Amino acid sequence: MAASIVYRELSGTDRRFWGLMAWLAVPLALGAAAFFYVEHYGHIVTGMDNQIVWGLPHVFAVFLIVAAIGALNVAMAASVFGKAVYEPIAPLSALVSMALLVGGLALLMLDLARVDRMVVAMTHLNTSSIFALRVVLYNGFLASVAIYFWFLLERRMNRYAKAAAIVAFFWQLLLATGTGLMFGAMVARAAYDSPLLVPVIIVLSATYGTAVFILVLLAACRWDGRPIAEDLLRRLKNLLAISVGASLYGAALFYFSKFYVARSHDVGQFLLFDGGVYTVLLWLGQVLVGGVAPLALLMRSQISRGAIAAACALVVLGGLAQVYVIVIGGQAYPQILFPGMVESSSFFDGEIHPYTPSVAELLFGLGGVGLAAAIIAAVLRALALLPERLDQTLSPQP
Amino acid sequence: MSTNEGSGLSRRGFLAISSATLGGVMLAPGVRLIEVASARAPEQAASKQVRWGLLIETDKCATGCDDCVKACATENGIKDTGRPRTDAQWIRKVELKDRRSGRTHSVPVMCQHCEHPPCVDVCPTGASFKRADGIVLVDRHTCIGCRYCMMACPYKARSIVFDDVTDQNPDVPRGKGCAEGCTLCVHRIDRDRQPACVEACTKAGHNAMIFGDLNNPQSEIAQRVAKFGTSKIRADLKLNPAVRYQGL
Amino acid sequence: MRWLPNPIPAPAFSLTGAQEHSSLRLDGTRLGFALLIALLVPALALTAERVPKPAINIEKPGRCVEDTATMRRGHPDMLRHQRDLTVRDGIRTRQHSLQGCIECHASARTGSVLGDKGFCQSCHDYAGVKLDCFECHTSRPKLATGAKP
């Protein structure tokens, strides 16, 4: 019989906690200011134009949403796949997933050029649109994770937690598929146009989500000085290492297939070699900072919280670079109307489109991150989600 | 069966008259619809029997000529603010050069009014839609400015309005924040006129653009499409656009 | 027994005992004050003279397409229905069209339904309802020759 685990909310004086919230309020306030600025003057004040139509806010939004999908993996491992060692941190996993999704969704909804029509967006749904279906998918995911979260917390509902987890797992898969198809089904853009983007998004979600989750876990435990068992850290570290390895493989497969197939060779060449900032971000950011360096840190046999945290931070940075290459790089490469011809026009056909993000977009994107962080901090303070100690041995697990 | 000649309708006569009436009733819509293609009353809805299209004869299209572009801008109230990266463009001349042969072309490109438009598929609110007669439009009442249609269009046909718009043409409402693209001058077509670009090209004597009903075998455009080889831009995507090009 | 959450901390306020700890007492003084504010607020409505009453100047002769009561209450739905007919189906009847309204109701002075004493604007300002139409639609009528304003 396992020793009973005592769960406790974030402790410390009010002053200490509100100090933290004051720090988190800074990106939130700046993000809100940036939003109102863009909403008032219109998107003309951003770096977006008729060539790069989705800018930095979408980069942050896609990153947050993909991370949200994957942050649930630890909870799924515990409740669907029976890995009891993760059970104490399953509620935190669900919380991080929901918070990241809310942050990403907020960015997407608030970046509309006609934000005053948000109600229209929520009430008129074109059923053939993957984009519209994602409204259903996001809300379904949020609802199913929320119900699972509640079942974990409510002792009387604990025995239904597994059923709720299976439903949430199903939504998780649907949402990852929808996000991948949203880009993958766009035949207009040579950089997308591939069903491979669905499995790529799935492995990316595991990577980003696990990295963010581990960062939150380490931060929360450090706040209170809660110990974490080396075994748990080792398992999480290995989970992240496998995800990073899988992402590197997925990315390699995707870019190689673009480069290899004649139809998309030009865009593969552009992204991998001739793309200027996109090529740098791909190799330096995605591969080196987001892949090789974290793997080197994670593959070490000795466990160090600092090394793990550093690896997670590198994965996040590399992930942002990767999403930038996908979202912006995919738009920088123009639509090819006449294959085999050199095109030029007053509407910038046939040219690589430049993009300089504006400060407002950066602040807005960071505001979304701040929103997710604030939600996590507030809920961890209000509810007893995290065990007092994570170094108690449980009954042996496979 | 005894027939009463002269005192009323015989059975055969009744059948003859009723079948003639029935045939007439069945034919009448067909007759009516051919009339619709050429003169639709305001209270009639657009018909799916019609498919409006354009035929561009590129060998008549000169490099440096942009009469169609200027006419479109004038008709639709599209102003040049001097910031081309954010200004809307509904039609543009694309200068092409074949990489291998060096042959050059000048081609006007606008919304291709596809039969299977990707922009309609992806629009989250259904603002981007295809009218019954094939014209692909943006319902600006429902557009939320998400720009997904711009991501999904293979022809870069759509723009989003970045600047405040004033003094619109009353027939062409357009405003900041909504996506827009070539409407095939739907406000003119519904009143039996030609799109502004076609009219300007014809008036200037170039005669490179023909507008008409692709579904009507009697129309000039349908006859030319049937007789000469015409191509579609990115035909490999199988979107079946309504804008056809000759000489590419 | 894996879950043993801590008991919920004592509530910060209560309506029964422990009044000395709570900050949300509903005693007589505060209740009276709150009621006073609640009763005074509607009185503010009587003092508002900032927004002028709408200027309904019917300059063109003839009748509107429907009677006044129907127009006042129903013009949003009429316009919404008509816009779908026009945009989606291509039905361009003039009776309920926005252009029809503007042609009749544009002020002779400003040539618009917006602006100072504009037909649409003054009523909407008074009612406090935002006008979305003229983000895209021009507020001026088409000129008689069919040329653009």
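We did not get these values from a lab; they are worked out from the coordinates using the rules stated. Note that this is a predicted model, so its numbers are computed, not measured. Using ideal geometry, Cβ is built from the backbone for each residue, glycine included, and neighbour counts are taken over all protein chains shown.
Tabulated data
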{"read-out": "Helix-only CD estimate at 222 nm, as mean residue ellipticity for the protein assembly as shown, using -39500 (n - 2.57) per DSSP H run (n ≥ 4)", "value": "-15000 deg cm²/dmol"}
{"read-out": "Longest segment of chain A lacking GluC sites (Glu not before Pro) that sit in a DSSP loop with at most 14 other Cβ atoms within 10 Å", "value": "A:155-350"}
{"read-out": "Cα shape, the range A:1-136, gyration tensor, a/c 1.5 rule", "value": "oblate"}
{"read-out": "Relative contact order of chain A, defined on C-alpha pairs under 8 angstrom at six or more residues apart (%)", "value": "33 percent"}
{"read-out": "Under the Karplus curve 6.51 cos²θ - 1.76 cosθ + 1.60, θ = phi - 60°, whole-Hz ³J(HN,Hα) for the range A:235-240, x wherever Gly or Pro sits", "value": "5, 5, 4, 5, 4, 5"}
{"read-out": "Angle between chain A longest axis and helix A:359-382 axis [Cα atoms, degrees, rounded to 10]", "value": "20 degrees"}
{"read-out": "Loop chymotrypsin sites (Phe, Trp or Tyr not before Pro), the range A:55-132, which have at most 13 other Cβ atoms in a 10 Å radius of their Cβ (DSSP)", "value": "A:F81"}
{"read-out": "Peptide B:41-52, shielding by other chains (average Cβ, 10 Å cutoff)", "value": "3"}
{"read-out": "Flagged links, alpha-carbon separation over 24 Å, of C:K53/C:K130; B:K48/B:K232; B:K93/B:K156; A:K258/B:K130; B:K60/B:K176; B:K156/C:K130", "value": "A:K258/B:K130; B:K60/B:K176; B:K156/C:K130"}
{"read-out": "For A:V6, residues with placed amide H under 5 Å, excluding near neighbours", "value": "A:E388, A:R389"}
{"read-out": "Low-density loop positions, trypsin sites (Lys or Arg not before Pro), the range B:166-206 - DSSP coil, at most 16 other Cβ in 10 Å", "value": "B:R191, B:R193"}
{"read-out": "Crossing angle, helix A:90-110 versus chain A [Cα axis fit, 0-90 degrees, rounded to tens]", "value": "30 degrees"}
{"read-out": "³J(HN,Hα) computed for each position of the range A:250-267 - Karplus, 6.51 cos²θ - 1.76 cosθ + 1.60, integer Hz, glycine/proline x", "value": "x, 5, 4, 4, 4, 5, 5, 5, 5, 5, 6, 6, 4, 4, 10, 4, 4, 6"}
{"read-out": "Radius 12 Å from Cβ of C:Q99, net charge of other residues (Lys, Arg +1; Asp, Glu -1)", "value": "+3"}
{"read-out": "Residues with amide H under 5 Å from that of C:S112, placed H, sequence gap 5 or more", "value": "C:S107"}
{"read-out": "Dipole of the protein assembly as shown, positive direction: furthest Cα of B:T125, A:L386, A:L107, with charges on the beta-carbon", "value": "A:L386"}
{"read-out": "Helix axis angle, A:197-224 relative to chain A longest principal axis, alpha carbon, degrees", "value": "40 degrees"}
{"read-out": "Vicinal HN-Hα couplings computed from phi for the range A:315-322 (Karplus, 6.51 cos²θ - 1.76 cosθ + 1.60; Hz; Gly/Pro x)", "value": "4, 5, 5, x, x, 4, 4, 5"}
{"read-out": "Inter-label distance for A:Y37 and B:D80, nm, one decimal - labels placed 7 Å from Cα along Cα-to-Cβ", "value": "3.2 nm"}
{"read-out": "5 angstrom amide H check on B:G212, placed H, neighbours 5+ away", "value": "B:G53"}
{"read-out": "Average beta carbon contacts from partner chains per residue of B:132-145, 10 Å cutoff", "value": "5"}
{"read-out": "Most mobile listed residue (A:M98, A:M122, A:M21) in chain A, GNM with C-alpha springs under 10 Å", "value": "A:M122"}
{"read-out": "Within 10 Å of each Cβ in C:89-97, the average number of Cβ atoms from other chains", "value": "5"}
{"read-out": "Size of charge dipole - the range A:177-290 - debye, nearest 20, with Cβ of Lys, Arg +1 and Asp, Glu -1, no other charges", "value": "160 debye"}
